[in-house]
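Chemist: First the structure, then my questions, so here it is.
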Amino acid sequence: MLHLLGVNLPDRKLVSTALQYFYGIGEPTAMKLCKNLSIPPTIKVAELSEVQVNELTNTLANMTIETDLKRQVREHVMHHRNINNYIGKRHAMSLPVRGQRTRNNAKNAKKLNGRWVQRRGYSVWTQVQQTPLNSFLEKFM
């Protein structure tokens, strides 16, 4: 197994398939990387030369993948929640964010949107705590 930037790549897989083991690299990005580094599409990870491995490591080190990308997504979600806009409210309630209907199916959104917030210890909506007087007045106004 080849170990690149904290990810184990299996020897028997094609390079374009093995690159998809990185969080943030899908099939199109993996194909572009192979094309840019002039790696043939039929070569396997075990057949890579040292020079190709070094080029691949340098290219991947300059990309935003794995932990950096996860942190960036989490920061974007928390930013929207802190400025109290519509997207942030939908994330906080674990509802669909991009305009999907919620009358019937919102199961995937509840799983995905709650993932960045509730499982990370941010289950309470980050708002200014209201006093009992303010909440009472809001009911009647």
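Chemist: In Å², what does the accessible area per residue of the chain work out to with a 1.4 Å probe?
Modeler: 72
Chemist: Continuing with the same structure: Roughly speaking, to the nearest percent, how much of the chain's 1.4 Å accessible area is carbon and sulfur?
Modeler: In the chain, the share of accessible area belonging to carbon and sulfur is 51 percent.
Chemist: Within straight cross-link reach of Lys89, meaning Cα distance under 27 Å, which lysines are found once same-chain residues fewer than 8 apart are removed?
Modeler: List returned: Lys70, Lys107, Lys110, Lys111, Lys139.
Chemist: Where the only charges are on Cβ atoms (+1 Lys, Arg; -1 Asp, Glu), what is the dipole of the chain about its Cα centre, to the nearest 20 debye?
Modeler: So the dipole magnitude of the chain works out to roughly 1040 debye.
Chemist: Residue by residue through the stretch 47-64, what is 3J(HN,Hα) from phi via Karplus (6.51 cos²θ - 1.76 cosθ + 1.60, θ = phi - 60°)? Round to whole Hz and write x for glycine and proline.
Modeler: For the stretch 47-64, the Karplus curve yields 8, 6, 7, 4, 4, 5, 5, 5, 4, 5, 5, 5, 5, 5, 5, 8, 8, 8 Hz.
Chemist: Same structure again: Go through the stretch 31-38 residue by residue and turn each phi into a ³J(HN,Hα) via Karplus (6.51, -1.76, 1.60, θ = phi - 60°); whole Hz please, and just put x for glycine and proline.
Modeler: 5, 5, 4, 5, 5, 5, 8, 6
Chemist: Which value in nm describes the separation of the simple spin-label points at Arg103 and Asp11, placed 7 Å from the Cα toward the beta carbon?
Modeler: With each label placed 7 Å out from Cα toward Cβ, I get 5.8 nm.
Chemist: Amide H neighbours of Leu2 under 5 Å, counting only residues 5+ apart in sequence or on other chains, H built in-plane at 1.01 Å?
Modeler: Under 5 Å from the amide H of Leu2: Leu9, Asp11.
Chemist: Report, please, the projected area of the stretch 2-63 averaged over directions, based on the convex hull of its C-alpha atoms, in nm².
Modeler: 3.6
Chemist: Scaled to the compact-protein estimate 2.2 N^0.38 Å, what is the alpha-carbon radius of gyration of the chain, rounded to two decimal places?
Modeler: Normalised Cα radius of gyration, the chain: 1.52.
The values are calculated or read from the model by the stated rules, or taken from the named source; none is laboratory data. The structure displayed is predicted, hence computed values, not measured ones. Glycine gets a Cβ as well: all are built from the backbone with ideal geometry, and neighbour counts include every protein chain shown. Ligands, DNA and RNA are stripped out before the accessible areas are found, and what is left, the full protein with its side chains, is counted by its heavy atoms. Shrake-Rupley method; radii C 1.70, N 1.55, O 1.52, S 1.80 Å.
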